[in-house]
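Here the structure is laid out as structure tokens; the discussion comes afterwards.
Derivation of every value follows stated rules applied to the coordinates shown; laboratory data play no part. Because the structure is a prediction, the values reported are computed rather than measured. Ideal geometry is used to build each Cβ from the backbone, glycine not excepted, and the neighbour counts take in all protein chains shown.
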Amino acid sequence: MESKNRVTVEIFGEVYALKGDIEPERVMKLAAMVDKRMRTIAKTNSQLSSLKISVLAALNLADEYLQLERDYNQLVEMLKEK
């Protein structure tokens, strides 16, 4: 039985103890990405609560993901045509 990886990260001033199958280095990189996005949003919207900042960060990251997915699918289709 494979043991779960444990890692502690800090995102926007909150500490999270996480456990899972993903490598700790990857989890720390993901946490840093989310933290950076939240801090960027907070700088330009100082009146927002942490919850609203986290929702905006999630929406921003989801939008980027969808754009990358769309770009990837277009590239795959272009390669199929060759």
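Counting every C-alpha pair in region 26-67, the share spaced more than 15 angstrom apart comes to 41%.
Cβ-Cβ distance of TYR72 and SER46, R₀ of 35 Å, FRET efficiency by 1/(1 + (r/R0)^6): the value works out to about 0.45. Sites listed here are GluC sites (Glu not before Pro) in the chain whose DSSP assignment is loop and whose Cβ has at most 14 other Cβ atoms within 10 Å: GLU2. Based on alpha carbons, the Rg and Dmax found for the chain are 16.9, 52 Å.
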